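See structure below.
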Amino acid sequence: MVRRSIVAGIGAYLPDRVVTNAELAERIDTSDEWIQERSGIQQRHIVADGEMTSDLATAAAQRALAAAGLEPDDIGIIVVATSTPDETFPATATVVQSKLGCANGSMGFDVQAVCSGFVFALATADNFIKVGQADTALVIGAETFSKILDWEDRSTCVLFGDGAGAVVLKAGEGDGSNADRGILSTHLHSDGRLHDLLYVDGGPSSTGQVGHLRMEGREVFKHAVTKMSAVTIEALEATGLKADEIDWFVPHQANRRIIDGTARKLGITGERVVVTIDQHANTSAASIPLALSVAVEDKRIQEGNLVLLEAMGGGLTWGSGIVRW
Ligand code: ACO
């Protein structure tokens, strides 16, 4: 028998305020037509003044815990994937721990892999569970990218939104085959030589300022399709699964054209692809758990389904995961 990390609950949270493309077009030189054609985005949610990443993360976590039927103190490890922490330190995970009311001294820390953050956090928690250092985990992707956007730069500010999603993992046992419920594989990569394609031009030890997101959009686009399809093929080969056995493909929601290009390369047809970019825009580390939560809520993803996740983000970082729900 092998230990498996089984998804026991999922939850999401989006800030109340919705900003449409038309509203952005009143402030900067852009149009609904341009944004929809180049990215598929129709709207994004943006936090209110004073609303922080930890608030979104805590709300998503509470919903995931309720879905799993667990209390905060049942959790052994909290991993928050974010590039927009409340503060430089401490980790947002410890703030969430406090806001949830955890008093059990369990571990909490952040993972920084930008848009790949959720996959990196999921892999981290899975490994803690597999080696027996935790029996339950809360894995959260939460971002307030609206705080690091240059709202004068139309080539980037139209693409992102705020939000959070969370999953609860519980240790279970399987026979080690692909029939097991739980996380069947994770594959992670990074290449720091590609830093300049997507980064924030500030930080505590460089400028002392938070900085703004900078991106070479066309180059990121090219790397996104090739790297995300390569890392999903790596996952399929490692597990011996075929693309047509995947029930749901839940990619990082970066851009509709990237999602379609990657799905086409994998031979996964449109009706098996979960797309939320139109409603949420790119919420970085939150995008995959937000999309998962929508598809669980509307009953597309059912227990026993095979779900394929993939993402790429600043670093560059990229990764994939296969989960039997
Ligand atoms: N509104 C109107 N026009 C715009 C806007 C805008 N918001 N932004 C740029 N333009 C203009 C440019 O100025 C340019 O005008 P020009 O031809 O007169 O110089 C024209 O549109 C074309 O610009 P490009 O940058 O070449 O447009 P492109 O077709 O490459 O689309 C985009 C840009 C959407 C950023 C695309 O490159 C892309 O999707 N890249 C991937 C980036 C991404 O998804 N990043 C997310 C983070 S990384 C991740 O999550 C994987």
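For this structure, a couple of remarks:
- Label-point separation, residue 147 to residue 233 (7 Å along Cα→Cβ), nm: 4.0 nm
- For the chain, averaging the sequence separation of C-alpha pairs within contact (under 8 Å, six or more residues apart) and dividing by the residue count gives a relative contact order of 25 percent.
- Listed residue (241, 262, 158) projecting farthest to the positive dipole end of the chain, Cβ model: 241
- Within the chain: Cβ-based charge dipole about Cα centre, in debye rounded to nearest 20 (Lys, Arg +1; Asp, Glu -1): 680 debye
- For residue 203, distant residues with modelled amide H under 5 Å away: 208, 209
- Under the membrane-span-like helix rule (DSSP H runs whose alpha carbons stretch at least 30 Å along the helix axis, mean Kyte-Doolittle hydropathy 0.0 or higher), the chain yields 217-239.
- Residue ranges 117-129, 16-28, 92-104 sort as 117-129, 92-104, 16-28 when ordered by packing (mean number of other C-beta atoms within 10 Å per residue, highest first).
- The charge dipole of the stretch 2-174, taken about its Cα centre with unit charges on the Cβ atoms of Lys, Arg (+1), Asp and Glu (-1) only, comes to about 720 debye.
- Of all DSSP bridge pairs formed entirely within the stretch 182-324, close to 80 percent run antiparallel.
- Between amide H atoms placed 1.01 Å from N, distances below 5 Å from residue 78 occur with 107, 108, 109, 138, all of them 5 or more places distant or on a separate chain.
- Of the beta bridges in the chain, as assigned by DSSP with both residues counted there, near 75 percent are antiparallel.
- Positive dipole terminus of the stretch 182-324, leading residue within 182, 275, 225 (C-beta point charges): 225
- Local charge for residue 263 was computed over the other residues whose Cβ lies under 13 Å away, with Lys and Arg +1 and Asp and Glu -1, and equals +1.
- Peptides 229-241, 202-214 ordered by average Cβ neighbours within 10 Å, highest first: 229-241, 202-214
- Helix-only arithmetic for the chain: the sum of -39500 (n - 2.57) across DSSP H runs with n ≥ 4, divided by the residue total, places the mean residue ellipticity at 222 nm at -10000 deg cm²/dmol.
- Lysine pair count for the chain with Cα-Cα distance under 20 Å and sequence separation of 8 or more or different chains is 5.
- Positive-end residue of 65, 34, 21, charge dipole of the stretch 12-101 with Cβ unit charges: 65
- Cα gyration tensor shape of the chain, rounded if a/c is under 1.5, else prolate or oblate by comparing a/b with b/c: oblate
- Our coupling estimate for the stretch 137-142, obtained by passing each phi through the Karplus curve with A = 6.51, B = -1.76, C = 1.60 and θ = phi - 60°, is 9, 10, 10, 10, x, 9 Hz, Gly and Pro reported as x.
- The stretch 37-99-the stretch 103-121 distance, computed between alpha-carbon centres (Å): 10 Å
- Judged by the mean number of other Cβ atoms found within 10 Å, the most tightly packed of the peptides 293-304, 105-116 leads the ranking 105-116, 293-304.
- Assuming charge only on the beta carbon of Lys and Arg (+1) and of Asp and Glu (-1), the dipole of the stretch 216-325 about its Cα centre is about 240 debye to the nearest 20.
No lab work stands behind these numbers, since they all come straight from the coordinates. Quick caveat, the model's predicted, so the values are computed rather than measured. Heads up, the Cβs are rebuilt from the backbone with ideal geometry, glycines too, and the neighbour counts pull from every protein chain shown.
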